[in-house]
Amino acid sequence: MDSAPAKSVVFISGTFIHNNCWDDWIIYFQNAGYKCIAPSWPHKEANAEELRNKSQYDAIALNTIVSLTDHFAAIINALPEKPILIGHSFGGIIVQLLLQRELGDAGVAIHSFPPSSVACFRFSFFKAMWGAMALFSSNNKSYLMPFSTWRYAVTNGMEYPLQKDLYYLYAIPESKKIVREAFKCVTKIDFKKSHAPLLITSGGEDRLIPASANYCNYKKYSAANSITDYREFKDHNHLVFGHPTWKTEANSILHWLKGLK
């Protein structure tokens, strides 16, 4: 990097998870000297419980990948400096798309949904996401991940009471359009284009987005004059919020950011 790294961070949450997931991360990064925001997705400004209780025929179902990316681009363009972008799951692919638009000083894609050209999925992914894709149901209905899927794909390996608590704390409905479009060209990345430094992380126990998908994503990047790094956390599942192991990844990310020149 040609100048001092940015000290602003924009956290971007993924599908099915409320942006309150970043509360602990914001405090942690603020204590390290960063100015942090974690904006909600469009139509998700209410708290998680209120969103779960809303009708399925709501504005959330209108969200698309393009409108979502434009939403965060507008937030970033209003900031006084080009920020560091940190996204989890589907927020990770949004980070990659925003870096492609040259809107970030650096980016971190945590357990990221991979771009359309990276096809390294496993049966566990399709088992978890089949209901959300719901190919023969209306696009006008949002979709709430069932607790059984949450246990299997997002919080696997945790004790049942914690899985339940985290579901009620974070789980929210999602737009089916977002999930369906994820496999189309709207998530295409030009891997040969120069980009701001990017770190991709994965969880060795992640059933939703397996580590192999994140590694394939990382290996696709080929711009010789750009920094792209990869970290795998062997014992981590998909969720990096609400339980003690999140600090392991947060510390690693802070260390990586401090190493940028």
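The values are calculated or read from the model by the stated rules, or taken from the named source; none is laboratory data. It should be emphasised that the depicted structure is a prediction, and the values quoted were computed from it without experimental measurement. Cβ sites come from the backbone with ideal geometry, for glycine too, and all protein chains shown count toward neighbours.
I'd like to verify a number: residues in region 52-80 that are over 19 Å from the mean Cα position of the chain (by Cα) and at pLDDT 95 or above, how many?
The qualifying residues number 3.
Just a yes or no: is a residue in region 72-85 in contact with a Leu (Cβ under 6 Å, 6 or more places away or on another chain), touching a residue at least 24 places away in the same chain (Cβ under 8 Å), part of a loop (DSSP other than H, G, I, E, B) and surrounded by 22 or more Cβ atoms within 10 Å (Cβ to Cβ)?
Within region 72-85, not a single residue is in contact with a Leu (Cβ under 6 Å, 6 or more places away or on another chain), touching a residue at least 24 places away in the same chain (Cβ under 8 Å), part of a loop (DSSP other than H, G, I, E, B) and surrounded by 22 or more Cβ atoms within 10 Å (Cβ to Cβ).
Give the residue that is farthest from Leu260 (Cα to Cα), with candidates limited to residues of region 163-205 that are basic (Lys, Arg) and assigned to a loop (DSSP other than H, G, I, E, B). Even if it seems obvious, please write down each step before you answer.
Residues of region 163-205 basic (Lys, Arg): 164, 176-177, 180, 184, 188, 192-193.
Applying the additional criterion that residues be assigned to a loop (DSSP other than H, G, I, E, B) yields 184, 188, 192-193.
Values: Lys184: 33, Lys188: 26, Lys192: 21, Lys193: 19 Å.
Taking the candidates together, the pick is Lys184.
Applying the selection to region 86-103, what residues are outside any helix (DSSP H, G or I) and surrounded by 24 or more Cβ atoms within 10 Å (Cβ to Cβ)?
Across region 86-103, the qualifying residues are Ile86, Gly87, His88, Ser89.
Could you grab me the full set of residues in region 23-71 that are touching a strand residue (DSSP E or B) at 6+ places or on another chain (Cβ under 8 Å), more than 28 Å from Asn139 (Cβ to Cβ) and in contact (Cβ under 8 Å) with a residue 24 or more places away in the chain?
Listed by number, the residues that qualify are Trp25, Phe29, Tyr34, Lys35, Cys36, Ile37.
Can you confirm whether region 211-227 contains a residue that is hydroxyl-bearing (Ser, Thr, Tyr), under 19 Å from Ser116 (Cα atoms) and assigned to a strand (DSSP E or B)? Don't jump to the end; show me each part of the working.
Step one: list which residues in region 211-227 are hydroxyl-bearing (Ser, Thr, Tyr), which gives 212, 215, 218, 221-222, 226.
If we keep only those that are under 19 Å from Ser116 (Cα atoms) as well, we get 212, 215, 218, 221-222.
Adding the requirement that they be assigned to a strand (DSSP E or B) leaves none.
No, region 211-227 contains no residue that is hydroxyl-bearing (Ser, Thr, Tyr), under 19 Å from Ser116 (Cα atoms) and assigned to a strand (DSSP E or B).
Taking region 230-253 as the search range and keeping residues that are of a type outside the set (A, V, I, L, M, F, W, C) and not in a loop (DSSP other than H, G, I, E, B), which one is farthest from Asp165 (Cα to Cα)?
Applying the filter and picking the extreme gives Tyr230.
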